[in-house]
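Nothing in this text is a laboratory measurement; each read-out follows from the coordinates by a stated rule. All values reported here derive from a predicted model rather than from experimental measurement. Counting neighbours? That spans all protein chains shown, and the Cβs are built from the backbone with ideal geometry, glycine included.
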Amino acid sequence: MAPEPKYGTLPRSWDLSRHWPGFFCDQNKIRFHHAKFVEGNHGFILRPGGDDERNKQQSPPWFVATKSATSVILVYRSGWVTMEEIVRGFLDFGISFRTVLEVDKAPHPKSGFHPLAFTEGLGIRPNNFLPRSSDYEMYIADRTKVLRSSFGRVAREIGGIVARIASDIVPVSEVLDGPNYGDELVAYSDRAGEEKYYVGDFADPRSLNLISGVYHINSKNNNVLKHASFWPKASTWDVMGLSGDQWSPMAEEFYQSRLMDLQAGRFILHSHPEWKVRFKYNRAQTTKLIAGSERIANDFLSHTVAARSDCLR
């Protein structure tokens, strides 16, 4: 088995190689710093660069949060120099991110029913439930209502299958408006000894379930509920072989094939295990590839970039 590549041993042909002198992140254009996401993931906050007060005043009041070091490097490789360009680029690639506001105090944790959660998915159904055309039409109507609400912009930020569904309805301009409520803590950091919090709009899991068309199906003895859905749940998508750091051609092929089935009246629902098994593909290799890419990207940002331009201030 070939050894895993490391930043220090990358060949000269790689732009991230220590032997490649021309690639670095320009902090006068876009600045980044480390942050900790509430799920425990390490991540980054991207913000306008430089110390020009006029540049700061012309920038939106929000920043971009991402868990992906590879995505941070993509920003500099692509030459994106504004928050708007980063958001448009991430949306084009299908990269998960959040637009966030920087605040001095963390919001209270979310609990209970949120006004954007129209229903608990599509509701409870009996064990022998098979959706008909009327059920699918009702799902489309409810889903459209959610996506045309202020929650639609959150769905596009989430990435994966939910973002792909939302992209047919929610315009980019909705995302560029930035957070409407700032009622969910996304990440936090300690910058120069000062604790900062980064908040976005609440990514309500019940509204996410509705977008994926999730039903709660009774078991035969009616004491256990399982989820079965028209589309994979956001959490299910993350463990399928189609998932990655970007929206891939294979993912689009799946989306179009599934859409054709539904439009043709083939309303077969799948549970979380069924989605996971049916579309497993080579998940182990995909996970290993993404992890390797992230490791090298993090090493580059921590070592080379810090040494060249003091990016981690």
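Looking at this model, which pairs from K36/K67; K67/K276; K67/K145; K67/K288 are more than 19 angstrom apart at the alpha-carbon?
K67/K276; K67/K145
Suppose R0 equals 25 Å; then what is the FRET efficiency for R77 and D168 from their Cβ-Cβ distance, rounded to the nearest 0.05?
0.30
Would you kindly state how much longer the chain becomes between E252 and K220 on full extension, computed as 0.36 nm times their sequence separation minus their alpha carbon distance, in nm to one decimal? All intermediate terms of the calculation are to be shown ahead of the outcome.
On the way: separation 32, 0.36 × 32 = 11.52 nm, distance 3.56 nm.
Here the segment from E252 to K220 would lengthen by 8.0 nm.
What length, rounded to one decimal in nm, is gained on full extension from A106 through to S150, with 0.36 nm per residue of separation minus their alpha-carbon distance?
In short, 13.7 nm is gained.
Work out how much length K288 to E39 would gain on full extension: take 0.36 nm times their residue separation and subtract the Cα-Cα distance, in nm to one decimal.
Computed gain between K288 and E39 is 87.6 nm.
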